[in-house]
Every structure is written in structure tokens, then in C-alpha cells.
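See below for the structure under consideration.
Please treat every number below as a calculation from the coordinates, not as lab data. Just so it is clear, the structure is predicted and the values come from calculations on it, not from any experiment. Here the Cβ is made from the backbone with ideal geometry for all residues, glycine too, and neighbour counts use every protein chain on show.
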Amino acid sequence: MAYDSNNIFAKILRGEIPNQTVYEDEHVLAFRDIRPQAKAHVLLIPKGPYESFEDFSARASDAEIVAFTRAVAKVSRLAGIDVTGYRAIANTGADGHQEVPHFHLHLLGGQRLGRMVSLPE
Ligand code: AMP
């Protein structure tokens with residue numbers, strides 16, 4: 001499937017939609033989720049056009065992957081959740097219930113989060 005450059009995170013990267021930036025570097029942008037699911041909820045995205053974690057893992061350059069992974073610790077610190085802990089979630093594809101087709105890692109924390117997964121009825 002081809003990357004859809006009209007997705008909302010592509011628009012954020014182009015500066016067409018505002019965001020609450022937490023961290024930014026050459027390869028990565030992190031910003032607050034617009035509908036937070038926990039007291040702290042930040043999204044970390046690569047600047048390159050990757051539609052999912054699957055796509056990023058398969059096609060991104062080593063430099064992009066290193067930058068993304070290194071950014072996790074920077075963002076967790078900036079969000080104040082590095083010590084207390086957090087959950088990192090990459091919803092992927094249809095079964096993963098991914099809604100925005102640009103790879104993003106959710107960092108959720110600031111409170112106890114309960115069990116890892118709840119399945120639909
Ligand atoms: P997912 O279901 O993993 O694709 O998650 C998409 C996430 O993007 C949801 O948590 C939304 O609340 C979030 N989201 C959608 N639009 C925006 C936006 N304009 N700014 C920040 N977060 C957004």
C-alpha cells in the first residue's frame with residue numbers, strides 16, 4: 001500500500017496543522033496526543049513517510065531507526081515519565097486498530113495503566 005501523504009501526521013510534519021511539540025530533531029517529532037488516554041500521552045513519529053511500524057522496521061535507514069529509538073528516552077524524560085514508567089504502543093494495521101497511517105509510537109504514563117490489552121466483546 002502506498003503512503004498517503006494526506007494523513008493528519010503528514011500535515012503536522014508539513015506545518016499545516018498545529019501541534020504541541022515535546023521534542024524534535026532531524027528525524028523525529030514528538031507531540032502531545034490531542035485526545036489523551038492517560039495523564040501523560042505523547043506521540044513519537046519519524047519524519048520520513050512510513051505508514052506503520054512494520055513499514056518503518058522494514059524500510060527506514062539505520063540512522064532513522066537509531067534516531068527514533070534514542071528519542072524515546074529523551075521524550076520520556078521531557079514528559080516526566082522516565083522514572084515512574086510508561087507504556088509504549090505501536091498500533092499496527094487492521095488488527096492493531098491503527099487509525100492514522102503514519103507510524104507513531106504512543107507513550108502513555110503519569111498514572112497506573114492497568115492490564116496490557118483488552119479484547120473486544
Ligand atoms: P492510532 O489509533 O494508534 O492510529 O492513534 C492515533 C492517535 O492520533 C489517537 O490517539 C489520536 O487521538 C491522535 N491524533 C489524531 N489527530 C491528532 C492531532 N491532530 N494531534 C495530536 N494527536 C492526534
FRET efficiency for Asn7 and Ser118 from the Cβ-Cβ distance with R0 = 30 Å, rounded to 0.05, comes out at 0.70
So, for the Cα atoms of the chain, Rg and Dmax in Å stand at 14.0, 42
Contact order relative to length for the chain, counting C-alpha pairs under 8 Å separated by 6 or more residues, stands in percent at 30 percent
Farthest towards the positive end of the dipole of the chain, among Gly80, Ala63, Phe53 and with Cβ unit charges of +1 on Lys and Arg and -1 on Asp and Glu, lies the Cα of Gly80
In nm, the gap between the two label points placed 7 Å beyond Cα toward Cβ at Arg87 and Glu54 is 2.2 nm
In debye to the nearest 20, the charge dipole size for the chain, taken about the Cα centre with +1 at each Lys and Arg Cβ and -1 at each Asp and Glu Cβ, equals 580 debye
Projected onto the charge dipole of the chain (unit charges on the beta-carbon of Lys, Arg, Asp and Glu, signs +1, +1, -1, -1), the Cα from Gly110, Ile8, His97 with the largest positive-side position is that of Gly110
